[in-house]
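The values are calculated or read from the model by the stated rules, or taken from the named source; none is laboratory data. Only a predicted model underlies this, so the values are computations on that prediction, with no experimental measurement involved. Cβ placement follows ideal geometry from the backbone for every residue including glycine, while neighbour counts extend to all protein chains displayed. For accessibility, only protein heavy atoms count, side chains too; no ligands or nucleic acids. Shrake-Rupley method; radii C 1.70, N 1.55, O 1.52, S 1.80 Å.
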Amino acid sequence: VTALYLADTWRLTPNVTMSYGVRWEPDVPETITNDRIAKFDRADFDAGVNSSVFVNAPVGFTFVGDQGFQGKSGRDRFLANFAPRLGLAWDVFGDGQTSIRASGGIGYDYPDGQFHLWTSLNPPFGADVRVPNALLDDPWASFPGGRTHPVDTTDPNIGFPRFGRMQGMDDSVRSSQTQNWNVALQQQVGTDWLASATYIGSHTINMVQGSPGNPGIFFPGSADANGVCTTTV
């Protein structure tokens with residue numbers, strides 16, 4: 001991670017001290033050197049866009065080499081990540097026994113390697129393929145689409161399992177941002193005691209999480225003899 005941090009402390013008055021700073025920490029996504037990465041775009045799915053790298057991939061998924069795919073990272077850069085902070089300390093009566101302190105700041109976090117592991121398990125790179133009732137002399141004979149291995153092929157016509165699990169990355173995912181603030185009242189009691197009351201708050205946005213793109217939807221009813229459920233709703 002590349003970052004630059006500047007900070008300073010300024011004595012505004014004999015009773016008030018201010019500290020402040022800013023951290024520049026751009027979000028530059030990792031480069032996946034083996035190209036095992038994919039992203040999913042809902043607009044491409046709705047428009048019926050197919051990958052030109054793997055022509056049998058599900059609609060809406062693109063891979064390294066497809067038009068509009070960001071290099072070997074698959075997501076956008078965000079360079080304007082600035083994290084300011086400010087702190088104030090006030091010696092209320094100037095006797096060093098009563099103080100009010102307040103501070104606030106912003107911090108960022110970034111997707112780690114696990115973020116890319118999700119898509120590296122997609123076909124044709126990984127994932128499980130189960131072939132029921134396979135014959136040892138020709139295990140792929142009854143499998144829809146035929147042989148799906150080896151997974152290191154670069155053949156654009158490689159098959160994808162029907163109803164296989166696919167996970168796509170959102171290429172516009174932003175860095176997670178946490179905003180923290182606090183205020184404290186501190187009072188010296190006697191010569192050996194200190195009483196303190198503090199309020200602490202925080203707020204986080206842009207948390208990275210997974211969401212189902214094609215979730216199963218429950219509706220009441222009974223399946224027919226073939227296990228098919230239908231509804232008129």
**Message:** On the basis of being open to solvent by 60 Å² or more (accessible area, probe 1.4 Å) and under 20 Å from Q114 (Cα atoms), does K72 make the cut?
**Reply:** yes
**Prompt:** Taking segment 75-90 as the search range and keeping residues that are open to solvent by 40 Å² or more (accessible area, probe 1.4 Å) and either among the aromatic types (F, W, Y) or over 31 Å from the mean Cα position of the chain (by Cα) (or both), which one is farthest from G21 (Cα to Cα)?
**Reply:** W90
**Request:** Please go through segment 1-51 and pick out each residue that is open to solvent by 80 Å² or more (accessible area, probe 1.4 Å), assigned to a strand (DSSP E or B) and free of Cβ contacts under 8 Å to residues at least 40 places away in the same chain.
**Result:** L4, Y5, L6, T9, W10, R11
**Request:** Output the number of residues of segment 70-99 satisfying the condition of being assigned to a strand (DSSP E or B) and either polar (S, T, N, Q) or closer than 25 Å to Y5 by Cβ (or both).
**Result:** 11
**Message:** Checking the condition in contact with a helix residue (DSSP H, G or I) (Cβ under 8 Å, 6 or more places away or on another chain) and closer than 22 Å to M207 by Cβ, which residue from G126, G74, G107 passes?
**Reply:** G74
**Request:** Count, please, the residues in segment 144-170 that happen to be surrounded by 12 or more Cβ atoms within 10 Å (Cβ to Cβ) and either modelled with pLDDT of 75 or more or small (G, A, S) (or both).
**Result:** 12
**Asked** Among the residues of segment 109-118, is any under 30 Å from P156 (Cβ atoms) and assigned to a loop (DSSP other than H, G, I, E, B)?
**Response** yes
